[in-house]
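The structure appears right after this line, and notes come after that.
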Amino acid sequence: MESRDTDGPQPRLRAGQAFAPEATVGRPEVQGFVGALHGNRASQGVFNTTGRFSGGAQQFADTVATRVVLIDGARLTRLMIRYRVESRSSRPTRSSRSTRTSSSRPAGAPARAPS
């Protein structure tokens, strides 16, 4: 996912990838992101992942002329806690505070005892 941020004097590009925590984003993905920065005439970018970045990806981001900030899953978690950002699943989930009535309970499910 990429998004362009035009707030401020210089455009920025953001990219994100969701991976398992043990997944690694390598140098080729970061190089592709830097190419997208240049193609969009952006002077800086933020690339975040729920996984982690390889040493080669980090080294490339540190040495490339364009400012690239890499945020891995651990740092993303710390930032979310620090700034009290909540996360929601994109999949529908059932609330634990269901207002289901006895007439709408699944077949075979026991009736709730009166409180």
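The values are calculated or read from the model by the stated rules, or taken from the named source; none is laboratory data. Note that the structure is predicted; figures quoted are calculated from it, not measured. Cβ coordinates were reconstructed from backbone atoms using ideal geometry, including for glycine residues, and neighbour counts include every protein chain displayed.
Filter the stretch 23-71 down to residues that are part of a helix (DSSP H, G or I) and not hydrophobic (A, V, I, L, M, F, W, C), then give me how many there are. Spell out how you get there, then give the answer.
Taking the stretch 23-71 first, the residues part of a helix (DSSP H, G or I) are 27-39, 55-63.
Within this subset, residues satisfying the condition of being not hydrophobic (A, V, I, L, M, F, W, C) are 27-29, 31-32, 35, 38-39, 55-56, 58-59, 62-63.
Within the stretch 23-71, residues that are part of a helix (DSSP H, G or I) and not hydrophobic (A, V, I, L, M, F, W, C) number 14.
Give the residues of the stretch 21-53 that are in contact with an Asp or Glu (Cβ under 9 Å, 6 or more places away or on another chain), over 17 Å from Pro11 (Cα atoms) and not hydrophobic (A, V, I, L, M, F, W, C), sorted by residue number.
Asn48, Thr49, Thr50, Gly51, Arg52
Could you tell me whether Thr50 is in contact with a helix residue (DSSP H, G or I) (Cβ under 8 Å, 6 or more places away or on another chain) and at pLDDT below 95?
Working: in contact with a helix residue (DSSP H, G or I) (Cβ under 8 Å, 6 or more places away or on another chain): yes; at pLDDT below 95: yes.
Answer is yes for this residue.
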